[in-house]
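A short write-up of the structure that comes next.
The values are calculated or read from the model by the stated rules, or taken from the named source; none is laboratory data. None of the values given here were measured: they were computed from a predicted structure. Cβ placement follows ideal geometry from the backbone for every residue including glycine, while neighbour counts extend to all protein chains displayed. Surface accessibility is based on the protein's heavy atoms, side chains included, excluding ligands, DNA and RNA. Shrake-Rupley method; radii C 1.70, N 1.55, O 1.52, S 1.80 Å.
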Amino acid sequence: MLGEMDLVDRLRGIVGADHVLVDDDLRAGYETDWTGRWAGTSKAVVRPGSTPEVAAVLRACGEDGVAVIPQGGNTGLVGGSVPRSERPPGSQIVLSTRRFDALGEVDARAMQVTAGAGVTIGAWRAHARSCGLDAGVDFAARDTATIGGAIATNAGGSRVLRFGTMRRQLAGIEAVLPTGDVVGSLAGLPKETAGIHWPSLLCGSEGTLGVVTRARLRLIPHFPETATAMVGAASVDDAVELLAALRSGVADLDAVELITPEALDLVSAHIGADPPVVPPADGVLLLIDCAGHRDPSDDLLAVLGSSPHVVGTAIASDPSRRARLLDFRDRITEAIAATATALGSPTFKLDVAVPVTHLAELMHTAREAAVADGCRIIPFGHLAEGNVHLNHLGVRDPEQLAATVLGRVAELGGTISAEHGIGVAKARWLPLIRSRAELDAQRRLAEALDPLRIMNPGVLAP
Ligand code: FAD
Ligand code: 2HG
Ligand code: ZN
């Protein structure tokens, strides 16, 4: 075991002194998560600039038994991207991938591009669009969240209905295992059956199996003709019926998102705008987004016009009116965070999904649990995936609340993490949805790849 200064000095030797941050004020932004709920102290924040540097950093940390917390944009919502508060500061470093910000040339024939792990989702999209193509994953943290973080969490967002989660965008990966070995391929072969498929193994592993350094990403066509609608429905069940009609009747359907009255009130006040549609009493709003090579408005209007489940519609196809409608969905998280800051206590977030037929029942349970706790609940989410984000302000007993809601989620055949990941926030609830055998197998796999157990301790580990 070498001394504390020795490791920092060795890290400086690997990445350069400017990229080993040891001062409190320089580390601070890397040590608290986006929600303000999770924070810890590290020995150093290390910012490697190449794959061999990542390998050398991991080897050095392994030699000293120092834990490594990989971090991209630090927009994760489950506490997995920052040091652990329960660990001594000297026992962990943050490995930031932000210097991996290179984007390769778009391969228009293969419809692929290679991106560094630290490239933001927004930069990926802008790069694709500059070549007449587009990116299949999008969400509100686009300008900060990175490709590496999105892969590690198998991020979803609004376009999953049409293009799938981050997993489906992966045509190849390059990653460094905790031993310092580099694995994967960036050739982008659409087909290959030759043993372990590294993108599949690493996507969703939340930094517990290795550090993603680069990815070969699929691109999608850019659909210039768009139509966005805000629609009221009398109940969640009616919204689910309307979802089915939209899926079968609108070929260019990108997203069907859910906004509850609680979320609408908050976001309207935050953005200073009245919504063009007000949800009926006990009802909800749907935000429907379509994009095609031809104007999708007629298809969309035909379904909305013939559905008995629509109560009020506003539709927009020009960019500025569309953007105004989308703001009511895109900026809910930001509105909640501002309210939490004003209250002086972080939001308690659950990110659950159930089969859509059970969504109304789940929402009922969640609202009852919030009443029992005395907290304020703001539910919203991705209707098409039965994925609802339950945000709680002023929660008194988060353990009890989680036990009630997550227990019901599991009974309904759902998941305790639809897209944000398990992190440290949900780790103790994993046995609700994973058997002992599955968790044992997962632990043994992590031990095999990471024999010194340095990668992101506490994450994904009940
Ligand atoms: P970080 O927060 O830095 O890290 C997240 C996890 O990934 C950590 O466990 C970390 O250790 C690991 N990790 C990061 N980079 C690497 C790497 N290169 N190799 C290995 N492990 C790594 N998520 C959604 O899925 N859908 C949404 O709609 C959505 N909307 C959001 C809106 C807002 C306003 C915010 C703040 C967050 C939102 N998120 C959403 C959550 C978050 O943005 C995603 O989880 C995102 O993928 C995290 O990317 P990041 O670069 O910030 O990762
Ligand atoms: C979204 O869908 C994100 O906007 C964030 O996943 C959800 O704040 C949340 O709970
Ligand atoms: Zn979401």
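Quick look at the numbers
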| read-out | value |
| --- | --- |
| Among (1) assigned to a loop (DSSP other than H, G, I, E, B); (2) in contact with a Phe, Trp or Tyr (Cβ under 9 Å, 6 or more places away or on another chain); (3) more than 16 Å from ligand 1 (Cβ to nearest atom) - the single one Val311 does not satisfy | (2) |
| Residue match in the stretch 277-289 (condition: out of contact with any Pro (no Cβ under 8 Å at 6 or more places or on another chain), part of a strand (DSSP E or B) and of a type outside the set (A, V, I, L, M, F, W, C)) | yes |
| Residue that is over 24 Å from Ser81 (Cα atoms), free of Cβ contacts under 8 Å to residues at least 60 places away in the same chain and not in a loop (DSSP other than H, G, I, E, B), where the choices are Arg329, Arg396, Arg428, Arg324 | Arg324 |
| Odd one out for Asn391 among (1) assigned to a loop (DSSP other than H, G, I, E, B); (2) within 12 Å of ligand 1 (Cβ to nearest atom) | (1) |
| Residue in the stretch 139-161 that is surrounded by fewer than 19 Cβ atoms within 10 Å (Cβ to Cβ), of a type in the set (S, T, N, Q), modelled with pLDDT of 95 or more and within 23 Å of Trp198 (Cα to Cα) present | no |
| Identity of the residue in the stretch 450-462, aliphatic (A, V, I, L, M) and in contact with a strand residue (DSSP E or B) (Cβ under 8 Å, 6 or more places away or on another chain), that ends up nearest to Val66 (Cα to Cα) | Ile454 |
| Test: Ala403 is away from ligand 3 (no atom under 16 Å from the Cβ), in contact with a Pro (Cβ under 7 Å, 6 or more places away or on another chain) and part of a helix (DSSP H, G or I) | no |
| Failed item in (1) open to solvent by less than 60 Å² (accessible area, probe 1.4 Å); (2) closer than 30 Å to Pro89 by Cα, with Gly386 passing the rest | (2) |
| Verdict on Asp289 being under 21 Å from Asp138 (Cβ atoms) and free of Cβ contacts under 8 Å to residues at least 12 places away in the same chain | no |
| Test: residue in the stretch 405-417 that is touching an Asp or Glu at 6+ places or on another chain (Cβ under 6 Å) and open to solvent by 10 Å² or more (accessible area, probe 1.4 Å) | yes |
| Restricting the stretch 192-216 to residues that are under 20 Å from Ala102 (Cα atoms), among the hydrophobic types (A, V, I, L, M, F, W, C) and within 8 Å of ligand 1 (Cβ to nearest atom), the residue that is surrounded by the most Cβ atoms within 10 Å (Cβ to Cβ) | Val212 |
| Residue tally, condition among the β-branched types (Val, Ile, Thr) and open to solvent by 50 Å² or more (accessible area, probe 1.4 Å), over the stretch 23-56 | 2 |
| Number of the condition not met by Ala461 [criteria: (1) at pLDDT 95 or above; (2) outside any helix (DSSP H, G or I); (3) of a type in the set (A, V, I, L, M)] | (1) |
| Met111 at positive phi and among the hydrophobic types (A, V, I, L, M, F, W, C) | yes |
| Count of residues meeting criterion [near ligand 1 (Cβ under 9 Å from one of its atoms), closer than 18 Å to Leu21 by Cβ and open to solvent by less than 10 Å² (accessible area, probe 1.4 Å)] in the stretch 69-93 | 3 |
| Matching option when the condition is open to solvent by 20 Å² or more (accessible area, probe 1.4 Å), more than 14 Å from ligand 1 (Cβ to nearest atom), more than 18 Å from the chain's Cα centre (by Cα) and in contact (Cβ under 8 Å) with a residue 40 or more places away in the chain, among Leu186, Leu219 | Leu186 |
